[in-house]
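Scroll down for the structure; my scribbles are underneath it.
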Amino acid sequence: MFGCLVAGRLVQTAAQQVAEDKFVFDLPDYENINHVVVFMLGTIPFPEGMGGSVYFSYPDSNGMPVWQLLGFVTNGKPSAIFKISGLKS
């Protein structure tokens, strides 16, 4: 349903489904990533009038996840580029 692209890396299309409506991509070495592209594969569209929020998660000083809203994708906007560098600071 979704893909993820980081410059200089292979495209990821095997998101881990962690809930009925939640998918996660692992981004190793995320501290050295400036931008990430999230896109729909075109195989399964969203229901009419729906879309998906895109979040970035990183661990805080205690190792607990911090979730940062980046934006969204929809059938009408099936891809987006998000800047993630500097979010942790």
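Values as computed for the structure displayed
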read-out	value
Selection count where residues are closer than 17 Å to residue 88 by Cβ, open to solvent by 50 Å² or more (accessible area, probe 1.4 Å) and either of a type in the set (D, E, K, R) or touching a strand residue (DSSP E or B) at 6+ places or on another chain (Cβ under 9 Å) (or both), scope region 15-66	9
Boolean, residue 54 is aliphatic (A, V, I, L, M), part of a strand (DSSP E or B) and either within 12 Å of residue 5 (Cα to Cα) or touching a Pro at 6+ places or on another chain (Cβ under 9 Å) (or both)	no
Members of region 33-47 found to be farther than 16 Å from residue 3 by Cβ and either touching a residue at least 24 places away in the same chain (Cβ under 8 Å) or not in a loop (DSSP other than H, G, I, E, B) (or both), listed by number	34
Unmet criterion (only one of (1) under 20 Å from residue 6 (Cβ atoms); (2) more than 15 Å from the chain's Cα centre (by Cα)) for residue 28	(2)
Residue, most open to solvent (accessible area, probe 1.4 Å), within region 68-89, restricted to residues that are hydrophobic (A, V, I, L, M, F, W, C) and modelled with pLDDT of 95 or more	81
Long-range neighbours under 7 Å by Cβ, at least six apart or interchain, first residue assigned to a loop (DSSP other than H, G, I, E, B) and among the β-branched types (Val, Ile, Thr) within region 65-88, second modelled with pLDDT of 95 or more and open to solvent by 70 Å² or more (accessible area, probe 1.4 Å)	84/35
Candidates 7, 14 - the one that is under 13 Å from the mean Cα position of the chain (by Cα) and not in a strand (DSSP E or B)	14
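The values are calculated or read from the model by the stated rules, or taken from the named source; none is laboratory data. This structure is a prediction, so every number in the text was calculated from the model and none was measured. Counting neighbours? That spans all protein chains shown, and the Cβs are built from the backbone with ideal geometry, glycine included. Side chains are part of the model used for accessible areas, which takes the heavy atoms of the whole protein and leaves out ligands, DNA and RNA. Shrake-Rupley method; radii C 1.70, N 1.55, O 1.52, S 1.80 Å.
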